[in-house]
Number of protein chains: 2
Amino acid sequence: MKTTRARSITQEDVAREVGVSRTLVSFAFRGAPGVSDETKQAIFDAAKLLGYSHNAAAADLARKQPATVGLFLLDLSNEVYVDVFSGVREAISPMKKRLILSVSHSRGSIDEGSLSSLIEARVGVIIAATLLEPDSQVQELSRTVPLISVTRRVEGVDSVYSNNVAGARAAVEHLLRLGHTRIAHVTGPIHQGHEDRRLTYEEVIHKAGLVPQVVYAQDYTQEAARQAADQLFGALDRPTAVFAHNDEMALGVREIAFVHGLEVPRDLSLVGYDDSRIAKLHGIDLTSVDLHALELGRTAGITALERLAKPDFPVIDRKLEPRLMVRSSTAAPAR
Amino acid sequence: MKTTRARSITQEDVAREVGVSRTLVSFAFRGAPGVSDETKQAIFDAAKLLGYSHNAAAADLARKQPATVGLFLLDLSNEVYVDVFSGVREAISPMKKRLILSVSHSRGSIDEGSLSSLIEARVGVIIAATLLEPDSQVQELSRTVPLISVTRRVEGVDSVYSNNVAGARAAVEHLLRLGHTRIAHVTGPIHQGHEDRRLTYEEVIHKAGLVPQVVYAQDYTQEAARQAADQLFGALDRPTAVFAHNDEMALGVREIAFVHGLEVPRDLSLVGYDDSRIAKLHGIDLTSVDLHALELGRTAGITALERLAKPDFPVIDRKLEPRLMVRSSTAAPAR
DNA sequence: ATGAAAGCGCTAACAT
DNA sequence: ATGTTAGCGCTTTCAT
């Protein structure tokens, strides 16, 4: 039943069928002015008849400047990135830009291939959420292709991000206010540009006259957090509260705490970050910092469009303010 | 600080720099035989020096048959599709195929654009999870480009799917065995090829001498389910158990049940479908049918590769068997 | 091992 | 309103 797909139907074929030049066909398909309604209709009819479909690769090649936005996402199983995607698409789809997606292969370490696949696709601009590379590499990349860094501010590079210092501060202060004195922080490996939450945690804890306790997981996923947090709950003076780098990690901590017989919030207060849908579920009710991922995506999309239009515009820097969402995963420590 | 990006560096530039023909450069980059190690090295060096990067659009155009796999995903906020993605990539990445992603715009209705964007990108094969179009349209599409339908069997089209009849039967029979007599089913709109779960539910319920109660939500999302299931819990003889089309919808039902003051499983037993990570969380513990989404993706990836290699091979049909995962969201009804 | 040359399907001046 | 023409950057016979 498979028909042989020899040579594909081209605009030339359509032109011949209608009896016009290929230019008209090209014009018609791009809605360019200067084609009579009559011929336009004839062209569309013939195209449908012949089964013509536009060849984006050829068009991209012929066109001088690319009409494509590349979106790099770190990890699809973290809902934040799905939200960023939705936001970007929302912002971009009204324009006639194509959006091509690239998802990182590695969840906690540096990833080369995903970015270069975008570059090879000759996108006009790359929106990247989240880059783990050091600033210098990001800056270098942005010299090759216009780049919008999302969820992370990079000096000299268009950046759309959330105020992580404010978010982390709100989270930790919330726990302090509840009366916790042994508050741990669970995070991923150290990467430049991703230290605000941890550093703020350490600072606030210090200022309160307490001792910070940071656990580094292998990456930023639920699984890694679960594994890393295990050590936390074996000791006698285990923490009574944990501030996790993100909701996924908070969920991992929550699972392993349960394995140790600890209930949230009775035995352990837990704060996440991202305010994902899961955090809001009854039975999870995770206190979390909302960084407005969808809005981050929208803003990044708009920024990308602006950058595409004005390559020489000064560096754009957009910071959103997060919001602590208090739920029942946090409470005063048992005494 | 933005440097002007005039004309991009081409193989021609590299060739000139090294003092060879562009053929050699092309050969070198594709690892084609017939280039001395010496010149190959010189070419790579020059490429790096000039900042050359391969142009995929141009290559695709010049190459006769495309080396790209297109993947269509219905909804990224449903973890099943993220798993399918992971599986597909896992299967495909060892080969040198590129993978391009397209995510549906509409979550519960038919979506034209996303598929055509894949066709316009001239992919060699499309893996689609999940297509909502009627069989006839899917079959027609598969005549344009080789198509692998995932999570749904379509006659005459390569299909990789799970046995939904067995899965739904296991789910409903589990509830019957617990003693439930008022079991409702919450699902999305009626689409050809997506009725196995509902039909099986109805059949099993009927055979048990009970009355089926089906609620149709606007699409297959948590939000839609929440909204649609509201009516379920107002009535006096409300169901004591709900079998949802998927985990997302089950979660939606769970939330609205809670709003009505119902606890799971005390007042309501709940069965989902997909066995996503959320289902496994402590506090959620959702009984669910595992359809092995990751494996579905892997299998689809392999199938796509096979189809690419042998366009005229007979239609491939691969069915996986699901598994009911019983957790504490289901219990005997209160009496 | 290396090179010359044709052409992939399309866009975009530039003509008419 | 319509047609002519010259590429875009690459792959790929076919020569040498």
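Counting only residues that are surrounded by fewer than 22 Cβ atoms within 10 Å (Cβ to Cβ) and free of Cβ contacts under 8 Å to residues at least 60 places away in the same chain, which one in segment A:77-97 is nearest to the other protein chains (Cβ to nearest Cβ)?
Once the filter is applied, the top-ranked residue is A:Ser93.
Please go through (1) under 29 Å from B:Gly272 (Cα atoms); (2) among the hydrophobic types (A, V, I, L, M, F, W, C); (3) away from every other protein chain (no Cβ under 11 Å); (4) surrounded by 23 or more Cβ atoms within 10 Å (Cβ to Cβ) for B:Ile110 and return the number of the only condition it doesn't satisfy.
The single condition B:Ile110 does not satisfy is (4).
For segment B:67-82, check the following and say yes or no: at least one residue is within 16 Å of DNA strand C (Cβ to nearest atom), out of contact with any strand residue (DSSP E or B) (no Cβ under 6 Å at 6 or more places or on another chain) and among the small types (Gly, Ala, Ser). Talk me through it step by step, then tell me what you get.
Step one: filter segment B:67-82 for residues within 16 Å of DNA strand C (Cβ to nearest atom), giving B:67-68.
Among the residues that remain, those that are also out of contact with any strand residue (DSSP E or B) (no Cβ under 6 Å at 6 or more places or on another chain) are: B:67.
Among the residues that remain, those that are also among the small types (Gly, Ala, Ser) are: B:67.
Yes, there is a match, as at least one residue in segment B:67-82 is within 16 Å of DNA strand C (Cβ to nearest atom), out of contact with any strand residue (DSSP E or B) (no Cβ under 6 Å at 6 or more places or on another chain) and among the small types (Gly, Ala, Ser).
Take the residues in segment A:6-43 that are open to solvent by 70 Å² or more (accessible area, probe 1.4 Å) and more than 13 Å from DNA strand D (Cβ to nearest atom); name whichever of them is farthest from B:Glu120 (Cα to Cα).
The residue in question is A:Ala6.
Please find, among B:Ser276, B:Ser328, B:Ser269, the residue that is closer than 21 Å to A:Ile284 by Cβ and not assigned by TED's automatic domain parsing to the domain that holds B:Thr187. Spell out the reasoning first.
Values: B:Ser276 fails: not assigned by TED's automatic domain parsing to the domain that holds B:Thr187; B:Ser269 fails: not assigned by TED's automatic domain parsing to the domain that holds B:Thr187.
Step by step, each of B:Ser276, B:Ser328, B:Ser269 is checked, and only B:Ser328 is closer than 21 Å to A:Ile284 by Cβ and not assigned by TED's automatic domain parsing to the domain that holds B:Thr187.
Please enumerate the residues belonging to segment B:210-254 that are among the β-branched types (Val, Ile, Thr), within 14 Å of another protein chain (Cβ to nearest Cβ) and surrounded by fewer than 24 Cβ atoms within 10 Å (Cβ to Cβ).
Going through segment B:210-254, the residues among the β-branched types (Val, Ile, Thr) turn out to be B:211, B:214-215, B:221, B:240, B:242, B:253.
Applying the additional criterion that residues be within 14 Å of another protein chain (Cβ to nearest Cβ) yields B:221, B:253.
Of everything in segment B:210-254, just one residue is among the β-branched types (Val, Ile, Thr), within 14 Å of another protein chain (Cβ to nearest Cβ) and surrounded by fewer than 24 Cβ atoms within 10 Å (Cβ to Cβ), namely B:Thr221.
Mind checking whether some residue in segment B:58-75 is away from DNA strand D (no atom under 16 Å from the Cβ), closer than 30 Å to A:Glu248 by Cβ, open to solvent by 10 Å² or more (accessible area, probe 1.4 Å) and within 11 Å of chain A (Cβ to nearest Cβ)? Show your work before the answer.
Going through segment B:58-75, the residues away from DNA strand D (no atom under 16 Å from the Cβ) turn out to be B:69-75.
Retained after the next criterion (residues that are closer than 30 Å to A:Glu248 by Cβ): B:69-75.
Those still in the list that are open to solvent by 10 Å² or more (accessible area, probe 1.4 Å) too: B:74-75.
If we keep only those that are within 11 Å of chain A (Cβ to nearest Cβ) too, we end up with B:75.
Yes, that holds for at least one residue.
Taking B:Arg143 and the conditions (1) surrounded by fewer than 19 Cβ atoms within 10 Å (Cβ to Cβ); (2) in the same structural domain as B:Thr303 (by TED's automatic domain parsing); (3) modelled with pLDDT of 95 or more, which numbered condition does it fall short on, given that it satisfies the others?
(3)
Name the pairs whose Cβ atoms lie under 7 Å apart, with the first residue in segment B:9-33 and within 14 Å of another protein chain (Cβ to nearest Cβ), the second more than 8 Å from DNA strand D (Cβ to nearest atom), and 6 or more positions between them or separate chains?
Here the result reads B:Ile9/B:Leu50; B:Ile9/B:Gly51, each pair linking segment B:9-33 to a residue that is more than 8 Å from DNA strand D (Cβ to nearest atom).
Collect the residues in segment B:276-294 that are surrounded by fewer than 23 Cβ atoms within 10 Å (Cβ to Cβ) and touching a strand residue (DSSP E or B) at 6+ places or on another chain (Cβ under 6 Å), keeping them in residue-number order.
Of everything in segment B:276-294, those that are surrounded by fewer than 23 Cβ atoms within 10 Å (Cβ to Cβ) and touching a strand residue (DSSP E or B) at 6+ places or on another chain (Cβ under 6 Å) turn out to be B:Asp290, B:His292.
Considering only residues that are more than 26 Å from the chain's Cα centre (by Cα) and of a type in the set (Lys, Arg), which ones fall in segment B:153-189?
Correct list: B:Arg177, B:Arg182.
The values are calculated or read from the model by the stated rules, or taken from the named source; none is laboratory data. Remember, predicted model here, so these are calculated numbers, not experimental data. A quick note on method: Cβ atoms are made from the backbone with ideal geometry, for glycine too, and the neighbour counts reach across all protein chains shown. Ligands, DNA and RNA are excluded from the accessible area calculation, which covers all protein heavy atoms including side chains. Shrake-Rupley method; radii C 1.70, N 1.55, O 1.52, S 1.80 Å.
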